[in-house]
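First comes the structure, then the notes that go with it.
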């Protein structure tokens with residue numbers, strides 16, 4: 001691949017866990033469906049350069065390489081969407097940081113942010129986290145030069161249910177798209193946040209967070225002008 005992509009996506013579906021640390025974790029049922037839905041959502045939003053790491057392919061090495069390569073190839077004002085479906089580890093102060101569980105280990109949030117920082121400061125990065133403790137990712141990106149918007153399935157102290165289809169992702173797809181095309185009502189991340197949280201239980205409430213408050217006014221999954 002040569003040149004710089006104006007819009008790209010990386011989708012991770014980690015439903016195969018082989019690390020002894022995660023031996024007792026239940027296999028997640030929705031990963032493949034979630035990645036399929038988010039791939040379709042990104043394509044309908046005009047993002048044609050997409051990469052998928054599913055199951056046994058969602059290793060520490062491959063995920064790290066894919067994230068940093070995609071971030072580095074994102075041009076000024078470009079858009080990179082990173083999605084994750086899988087288990088998460090909750091941070092334990094004094095013991096370990098929080099992170100996403102991959103086939104052979106845990107990718108800590110601080111490492112993911114460092115990899116994403118390979119993108120130019122004017123790029124627009126979106127992280128869609130369909131996982132437990134999803135909003136915890138926002139605790140580590142405040143000082144990163146690049147703008148990051150996190151679309152989280154639940155709060156940092158909340159968990160999600162293990163169903164074959166993620167209701168969070170179904171709702172996200174429905175709100176951003178209308179009959180397969182961009183929904184004209186979905187004009188900003190602020191609007192999307194309000195609608196995602198409507199009529200959801202307190203114990204599993206989606207959220208949208210960013211390290212740049214003005215990004216809440218941007219239209220979801222659309223590249224923003226540089227400068």
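Counting only strands (runs of 3 or more DSSP E) that fall entirely inside segment 124-227 and contain at least 1 residues that are touching a helix residue (DSSP H, G or I) at 6+ places or on another chain (Cβ under 7 Å), modelled with pLDDT of 95 or more and more than 24 Å from residue 70 (Cβ to Cβ), the qualifying elements are 207-210. Inspection of segment 45-54 finds no residue satisfying the criterion of being without any contact (Cβ under 8 Å) to a residue 24 or more places away in the chain, under 24 Å from residue 160 (Cβ atoms) and in a strand (DSSP E or B).
Cβ-Cβ distances below 6 Å connect the following pairs, each with a first residue in segment 166-180 that is free of Cβ contacts under 8 Å to residues at least 60 places away in the same chain, a second residue that is part of a helix (DSSP H, G or I) and surrounded by fewer than 23 Cβ atoms within 10 Å (Cβ to Cβ), and a separation of six or more residues or different chains: 175/195. In segment 181-194, the residue that is nearest to the chain's Cα centre (by Cα) out of those that are touching a residue at least 24 places away in the same chain (Cβ under 8 Å), farther than 19 Å from residue 131 by Cα and surrounded by 13 or more Cβ atoms within 10 Å (Cβ to Cβ) is 189. On the stretch given as segment 18-44, residues that are under 27 Å from residue 167 (Cα atoms) and not in a loop (DSSP other than H, G, I, E, B) total 15. Given the options 13, 75, name the one that is buried (at least 16 other Cβ atoms within 10 Å of the Cβ), in contact (Cβ under 8 Å) with a residue 60 or more places away in the chain, touching a helix residue (DSSP H, G or I) at 6+ places or on another chain (Cβ under 7 Å) and assigned to a strand (DSSP E or B). That would be 13, the only listed residue that is buried (at least 16 other Cβ atoms within 10 Å of the Cβ), in contact (Cβ under 8 Å) with a residue 60 or more places away in the chain, touching a helix residue (DSSP H, G or I) at 6+ places or on another chain (Cβ under 7 Å) and assigned to a strand (DSSP E or B).
The values are calculated or read from the model by the stated rules, or taken from the named source; none is laboratory data. In this text the structure is predicted, and so the values were computed from the model without any measurement. Don't worry about glycine lacking a Cβ; one is built from the backbone with ideal geometry, like all the others, and counts go over all protein chains shown.
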